[in-house]
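What follows is a single structure, written as structure tokens, with notes after it.
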Amino acid sequence: MLGGRGSGRALRPLTPRSLSDGGGSLGLAAGGISDEEWGTFLHCRSKIFTDFNQMRQEIESETERMSGTNKGISPEPIHLKIYSPSILNLTLVDLPGITKVPVGDQPHDIEQQIREMLGTYISNPNSLILAVTAANTDLATSEALKLARDVDPDGRRTLAVITKLDLMDAGTDAMDVLTGRVVPVKLGIIGVVNRSQHDINVNKSISDAIQDEQSFLQKKYPSLANRNGTKHLSKTLNRLLMHHIRDCLPELKTRVNVLTAQYQSMLNSYGHPIEDHNATLLQIITKFATEYCNTIEGTAKNIETSELCGGARICYIFHETFGRTLESIDPLTGLTTLDVLTAIRNATGPRPALFVPEVSFELLVKRQIKRLEEPGLRCVELVHEELQRIIQHCSTYNTQELLRFPKLHDAIVEVVTGLLRKRLPVTNEMVHNLVAIELAYINTKHPDFSDAAMVSASVNSSQSEVLQDGGRKWKGEKAEERSSEEKPRNAPSTAYSSPSRGPVVNLLDAPVPVSRRLSLREQRDCEVIQRLIKSYFLIVRKSIQDSVPKTVMHFLVNHVKDNMQSELVGRLYKSQLLGGLLTESEDMATQRTEAANMLKALQRSCQIISEIRETQLW
């Protein structure tokens, strides 16, 4: 209701509810009082008022308490319920009139604050607007009608009320205004005559005021008397409210159903009060362990769609992260030709070798195989991190009961984390052993290493050996010597040099050349070793790529899956711990009660909406 208090005062909103209870029996049953008319305030719901003078005084006292005694305002409403068998079902919101100039304790932006306050109520499409204007003012300048048209341009929710018909100047009347010839209002314009300040001071009763109002209307506006007055306004408001509720029923029904489902789900998440602590604890532990295993297996109910998690993430680590890392390792990375040649010479000792020594091959291939250990340990670490993330995933999405018991949640997380932490060094040790096993014995008789002799033969065939002048000379060497003699002395040398190594001084302090040309024999030997290293490294890499995932699954993932429930039961299922673990959070019981009460109210609202749909409206 806009402008009900006049534009010169800004009062905090008053929300009286006029509800018919069908007689005085409701008041007698509720409070044990015999009066048929009574009311209650929300801020003091335990007190029942049967004297309306006391009720008016309580409104003034509450207003002064919230907004002061010097015309202050407050956005907080006063909720009042009035029960009477002689009134219609109505819900009224009494809003303040617009104040242009601040007075008293009112802020300088009082007009803007009041406009915002009014907007929060009248902009609701489910509300009816009662625009109140005094008859002794120009209706065309009514602030109440202007605000109503801003939010209700079609006028489907606006009813105009003209007050102070008895205070109009002599010789004037409100006939044109009441008939809608000045400003038409779709829902109608109703004139009323309220009690004057003198009538209020002398405690004039409402019934006497209504009788005087009817007498005035019959005398001043006889043709409009039956369409104006407080009684006609009450009936019109009741009819409009019922029709408006009926028009809004589909949307209201939908909103009530949505809220009912939300609060039902919320209440289910809070769970029921605990009756059997032992059964509840076992149920929660079993459900958590089951959900954890299902997340790994990919059979969980709540499947993530934004990122990989659980078993899918572990599979990605095995075959994408770990597999690609191994494939990116070059068998000969970090191994220069000079390193190979040095290893061959060191393996021959003081005597020149006629054949490539196997010791150099083993020495170099072990050095390369050792590089496979770090990716394997990193794979174990990534899987361990994912198993940790699954704990939080199950706690948040899959096991709602844990939200009720924060201590139990923390205990379960601690036990599972401890189990994972205990298995991590065991798994790392097994991965380390896998590499150590490969280093312990270089199996040159491996079935896939059968082409080693073919490698050596292919190299030898490309470098044919000839004997000349009683000494061993390679045909290719003689050709290269001739070509080198024909080159200019200042031509750049193509001999192999190691930029990372400086001059070497032997025991006799004889200078050793920094770089020199490798003979074809040395090139052949180095090439044979490099091919053999590459061939055997690929065999070992393939074995490690297959063995590490199996090791991680057996010693870490499957072990945790198989032993999680027994570990949780053994650590948590103890009589001295039940009371502490199953203690709900402080606000859980309160939230459960509030959700249950709200659910009952929504169910009651749904029932009322169904009854209204079946009611015949006039």
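What follows is calculated from the coordinates using simple rules that are stated; it is not laboratory data. Keep in mind the model is a prediction, meaning the values are calculated, not measured. In this analysis, Cβ positions are derived from the backbone assuming ideal geometry, glycine residues included, and neighbour counts consider all displayed protein chains.
What the table below lists for this structure:
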item	result
Segment CYS315-ILE608, length gained on full extension (0.36 nm per residue, minus Cα span)	99.9 nm
Listed residue pairs exceeding 25 Å between alpha carbons, taken from LYS71/LYS100; LYS100/LYS220; LYS407/LYS550; LYS253/LYS287; LYS287/LYS561	LYS100/LYS220; LYS407/LYS550; LYS253/LYS287
Chain lengthening between GLU275 and GLU116 when straightened (0.36 nm per residue, less Cα-Cα)	52.2 nm
Gyration tensor verdict on the range 190-271 (Cα atoms; rounded if a/c is under 1.5, prolate if a/b is larger than b/c, oblate otherwise)	oblate
Separation between Cα centres of the range 296-313 and the range 143-162, rounded to whole Å	56
Distance from the range 90-127 to the range 407-440 (C-alpha centre basis), Å	67
Eligible aspartates and glutamates near LYS204 by straight Cα distance, threshold 20 Å, same-chain separation 8 or greater	GLU37, ASP51, GLU58, GLU60, ASP166, ASP212, GLU213
FRET efficiency for ASN126 and LYS47, using Cβ-Cβ distance with R0 set to 25 Å, rounded to 0.05	0.20
Cα-based reach from LYS186 at 13 Å (exclusive), listing aspartates and glutamates while leaving out same-chain residues under 8 positions away	ASP152, ASP154
Over the range 130-237, relative contact order from alpha-carbon pairs under 8 Å, at least 6 apart, %	23
Hits among lysines - C-alpha to C-alpha of LYS445 under 18 Å, sequence gap 8 or more where chains match	LYS366, LYS534, LYS542
Modelled FRET efficiency - R0 41 Å, GLN211 with ASN268, Cβ distances, 0.05 increments	0.10
Pair GLN283, SER566: separation of 7 Å Cα→Cβ label points (nm)	2.6
